[in-house]
Amino acid sequence: MFVRGELEKIEHKVLKGERLTRGDGEKLFACNELSWMGALADYVRKKICGDAVYYNVNCHVNLTNICKSRCKFCAFGRNVDDGGAYAMTIDDAIKLVEEASRDPHLSGLHIVSGLHPTWTFENYLAFVEVLHKKFPALHIKGFTGVEIQHFANISGLSVEEVLIRLKTAGLQAIAGGGAEILTDRVRNLLCPKKATAAEWLNVARTAHKLGIKTNASMLYGHIETLSERVEHLIRLRELQDETGGFQTFICFPFLPKNTALEKEIKQTSMWDDLKTMAISRLMLDNFRNIKAYWVMLTVPVAQVALSFGANDIDGTIHRENILHDAGATSPRSLAEDEIIKIIREAGRIPCAIGGNK
Ligand code: SF4
């Protein structure tokens, strides 16, 4: 039960710039004073990063959906002989990026894929090498901590060696996915075949040590408890204290359609999405950028989320696949004009970034 005195104590701490505790985070999740929470998160957002809202003109490249992990929350992964399974060739990837490059503002690639059971690390590396050589002006953000750990497992190289080879090939940053909820209980139930919480954090820590920026995310609204959401945010905050290498945090609400959890779990409400966005901003006091990912939130909710702590709305994407397999109802891409309009309508300043964060 949330009482007003506790709410005032939290507000006082935020206004004084004091760090919120685990207990504060749990109290916030127990509280339904949504407009108050949004205003507080908006205050922090404005103090940390002003009124600019970042976006980029980017292209998602999903090399393959064939994946040996088959996480219960994922509608994208397939077995080799499943209908709809695909694996791109290097020529396919070049063709996709050439098509996206017709937009002269294209600035970055976002490459994430399944854990293909027979591809080697060299197979994945070759895509980065070729795309970087052919499109040197594009910033390449590629692979999640889960994929990097998988590359280490299948190659016998250390995580550090994998990262050095990817960086040499042209990789500039690492994607934030694969974090899901960073507790062993949740991962053992949902995705036992992929990187553990400690492994995911170790990939991020190692990347930061090598000067490679990474993003972080949270997939919420499935089997996790609200305390586990807080635990997840605290683990990210602790690592950010240690390295300062996270660029952006992204909240991903779970989309159940076509997943193994479809019958058991309902999609999160807008209320939960906005509350989680605001709490993320308040708990992650050492993250500058909090992203409202319009594909998962939908465009209208992402726009409102700009008043709940978010200062980033992702990019044009070109053609989204992963979340549309899970029933995302948002468009597969957005025109740059549309993104600018969404940001301006929210009273904020659109700010295109050259790199792909
Ligand atoms: S979430 Fe990633 S690792 Fe898990 S099944 Fe989907 S593609 Fe594979």
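Each reported figure results from applying straightforward, stated rules to the coordinates on display, with no laboratory input. Here the structure is a predicted model, which is why all the values come from computation and not from measurement. For neighbour counting, all protein chains shown are included, and Cβ atoms are generated from backbone atoms with ideal geometry for every residue, glycine included.
Data table
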item	result
Derived scalar couplings ³J(HN,Hα) [region 75-90; Karplus, 6.51 cos²θ - 1.76 cosθ + 1.60; whole Hz; x for Gly, Pro]	9, 8, x, 9, 7, 3, 9, 6, x, x, 5, 8, 9, 6, 8, 5
Any cysteine of the chain lacking a neighbouring Cys Cβ under 4.7 Å - listed by number	Cys31, Cys49, Cys59, Cys67, Cys251, Cys351
Amide H contacts of Ile111 (H built 1.01 Å from N, under 5 Å, at least 5 apart or other chain)	Val61, Lys141, Gly142, Phe143
Amide proton proximity set for Arg78, modelled H, under 5 Å, gap of 5+	Ile66, Cys67
For the chain, with +1 on Lys and Arg beta carbons and -1 on Asp and Glu, the positive-most of Pro253, Met218, Leu115 along the dipole	Met218
Dmax and Rg, reported as Rg then Dmax, of region 211-252 (C-alpha, Å)	11.2, 34
Ranking of Leu261, Leu219 by count of other Cβ atoms within 10 Å, fewest first	Leu261, Leu219
Pair Glu122, Leu226: separation of 7 Å Cα→Cβ label points (nm)	5.3
Residue-wise HN-Hα coupling along region 32-38, computed from phi with Karplus coefficients 6.51, -1.76, 1.60 (Hz; x: Gly, Pro)	10, 7, 5, 5, 4, 5, x
Cα convex hull of region 95-180, projected area averaged across orientations, nm²	5.8
Dipole-positive endmost among Ile10, Ala292, Ile90 within region 4-352 (Cβ charges, Cα centre)	Ile10
For Asn289, distant residues with modelled amide H under 5 Å away	Phe249
Region 145-191, dipole about Cα centre (Lys/Arg Cβ +1, Asp/Glu Cβ -1), debye to the nearest 20	40
Among Val146, Ile265, Trp200 - extreme Cα towards positive end, dipole of the chain, charges at beta-carbon	Trp200
Point-charge dipole on Cβ atoms (K/R +1, D/E -1) for region 4-352, about Cα centre, debye to 20	360
As computed over region 42-165, the Cα convex hull volume per residue (Å³)	160
Square roots of 5 times each gyration tensor eigenvalue, C-alpha, region 17-105, largest first, Å	41, 24, 10
Relative compactness, the chain, computed as alpha-carbon Rg over 2.2 N^0.38 Å	0.95
Residue-wise HN-Hα coupling along region 178-190, computed from phi with Karplus coefficients 6.51, -1.76, 1.60 (Hz; x: Gly, Pro)	x, 6, 6, 10, 7, 10, 5, 4, 5, 5, 5, 7, 9
Likely footprinting exposure, Trp119, Trp200, Trp36, Trp271, fewest C-beta neighbours within 10 Å first	Trp271, Trp36, Trp119, Trp200
Cα centroid of region 199-274 to Cα centroid of region 123-155, whole Å	22
